[in-house]
Every structure is written in C-alpha cells, then in structure tokens.
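**Q** There's a structure below that I have some questions on.
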Amino acid sequence: MPLTYGQPVRLPRGQSPPDRCLVEISARHTAFLSSATLLLCAALTGPALAADEAPTASVSAPAEDSVINTAPPEEPEEAVTEVPDDAVNVEPTYTGKPAPGSTPDARDCGQTQFVYKPTKQGRQHHKGVGPTNANYNGTSRTAKSTFTSEVTGEIGVAVSGDLQTSVNTMLIKIKEKFTVTVSAKLTAKLGNTISVDTPSRKTTHARYGVWRLKHTGVGYVIHTNCTVSPEKTVVSYSPYRVGWYLWEN
C-alpha cells in the first residue's frame, strides 16, 4: 500500500506485528509497507521527522524566575571585588604582628590561624551575563513576551572587606552555618528561554545571569602567642543559582 505521511492504518485481524521495525521512513520518498509493519513503526518511533530535520533542544527557566519585579536588580551596596578563578584557593598574606606576650613563658598556640566566621545571611542579588532584553506591548491586550539568553558567561564570588582566609574556606564555613549550596562560580549558558505576560502599554525587561547570596561575617587572625587580631567585617556575594531577573515598567 502507498504510504502517505500521517495516514492512519489498522493491523489486520489475526495478524501479529513483526518482532522489530526494520524499515526507516523518509519524508522524501514513497514507501510500500505492510499494515503490520507500518503500525509497529508508528508505535516505536512516534511522529516522523524529515531526513534533514534535527530536533532542537529547549531549556526553559524554572517557575521561580517568572516573578515580575518593579525595578531593575539592585547592585551591591558595598564596593566589591570580583575574585578571579585562580585565586579562590589562595590564602592571603598577613603582614600584621602579634601583640607582645605578657610573660616570657606566654602560651604557644602553634601556627598562625586565619579565621572566618559567617554571622548573617542576606538576600539574593542578581548579576547579569550579556545584554538586558526588553519587549514593549503596544496593543490593547496582554501579550506574551519570550526572551532567550544570547551568550554564555561565568559569574564568581565578590568580596568586600579584608578576608583573612581563602574564598573556598569562606564558602565551606557559609555552607556549614546556613546549610546552603553556594559555589566559587556558576555558568549561565546560551539558549535558556523564559516566557511571561506583558500587560498592555507596558515594557517587560529580562536579564539572564546568576543569583548570588549575600553573607556578612568577620575575619581575624590567631597568632602563635595566642593573641588575636582585631575582627574585620567581610561581606560576600556567592553564586547560588542560575536564572532570570524580570522587571516591568
């Protein structure tokens, strides 16, 4: 029987299907197959694709990214320094001197210890990768706006203050204190898509990137003679998850 794409067929009464589908169907040719073979091929392979078509991958944003804000993402309040990839394991060089011991036989605390203690967890802050997209709805009805990330980029840790340990040590302490998963860096990839409703006469803005968690802590040094340096406040922004930030005006 001639095969027409999309034509339904039935298995004749009493006829068993073959053990496997041995025929590959191309949308460019007319094929002659038994009814049983055609039915089994349809069951195993699903909808047919043209020979020169390739399925496209679609990566959709999680539901939590669909929250519409009323203003652009906030920048860190502090003057922060972005930590390079090759510096996350580097222990800082301490140039301070220990306070004099009270007696010649003052206690010995062993090697100098560099300490970081997280004290507070703040909100998530969004750091963008690539350009911010926007769509204006000039109609009298609500319209769907679809945005797709255009570049791939990495976002790392940002720090303000005098961190007395490596960034990795700081992240370990944050994880232990607040039971959260933060990373030295996360990658926001090309091709992620999000769709939201844009009201009439409104503009929806969309920025793709990495959400970072803000933490406040203190850093200090315990010297070999057991004296302790003054505590210094450290504010950090650590990669938490990849996603979108949306706002409307």
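**Q** Mind checking whether some residue in the stretch 148-155 is in contact with a Lys or Arg (Cβ under 7 Å, 6 or more places away or on another chain), open to solvent by less than 90 Å² (accessible area, probe 1.4 Å) and part of a strand (DSSP E or B)?
**A** Scanning the stretch 148-155, I find at least one residue that is in contact with a Lys or Arg (Cβ under 7 Å, 6 or more places away or on another chain), open to solvent by less than 90 Å² (accessible area, probe 1.4 Å) and part of a strand (DSSP E or B), so the answer is yes.
**Q** I'd like to verify a number: residues in the stretch 219-249 that are open to solvent by less than 30 Å² (accessible area, probe 1.4 Å) and within 30 Å of GLY128 (Cβ to Cβ), how many?
**A** 12
**Q** Then there's this: Going through GLY243, GLY209, GLY217 one at a time, which residue ends up being over 28 Å from ASP65 (Cα atoms) and in a strand (DSSP E or B)? Talk me through it step by step, then tell me what you get.
**A** On the way: GLY243 fails: over 28 Å from ASP65 (Cα atoms); GLY209 fails: over 28 Å from ASP65 (Cα atoms).
Answer to the selection: GLY217.
**Q** If GLY138 satisfies every condition in (1) open to solvent by less than 70 Å² (accessible area, probe 1.4 Å); (2) under 30 Å from VAL80 (Cβ atoms) but one, which is the exception?
**A** All conditions are met except number (2).
**Q** Checking the conditions here, which among VAL182, VAL210 is in contact (Cβ under 8 Å) with a residue 40 or more places away in the chain, buried (at least 19 other Cβ atoms within 10 Å of the Cβ) and touching a helix residue (DSSP H, G or I) at 6+ places or on another chain (Cβ under 8 Å)? Before you say what the answer is, go through the steps one by one.
**A** Working: VAL210 fails: touching a helix residue (DSSP H, G or I) at 6+ places or on another chain (Cβ under 8 Å).
Every option except VAL182 fails the conditions.
**Q** A follow-up question, please. Would you tally the residues in the stretch 63-85 being over 15 Å from LYS127 (Cα atoms) and of a type outside the set (S, T, N, Q)?
**A** 6
**Q** Now a separate question. What's the number of the only condition in (1) open to solvent by 30 Å² or more (accessible area, probe 1.4 Å); (2) in contact with a strand residue (DSSP E or B) (Cβ under 8 Å, 6 or more places away or on another chain); (3) at pLDDT 95 or above; (4) farther than 26 Å from ALA79 by Cβ that THR193 fails to meet?
**A** Answer for THR193: the failing condition is (3).
The values are calculated or read from the model by the stated rules, or taken from the named source; none is laboratory data. Bear in mind that the values here come from a model prediction, so they are computed numbers and not experimental data. Cβ coordinates were reconstructed from backbone atoms using ideal geometry, including for glycine residues, and neighbour counts include every protein chain displayed. Side chains included, ligands, DNA and RNA excluded: accessible areas come from the protein's heavy atoms. Shrake-Rupley method; radii C 1.70, N 1.55, O 1.52, S 1.80 Å.
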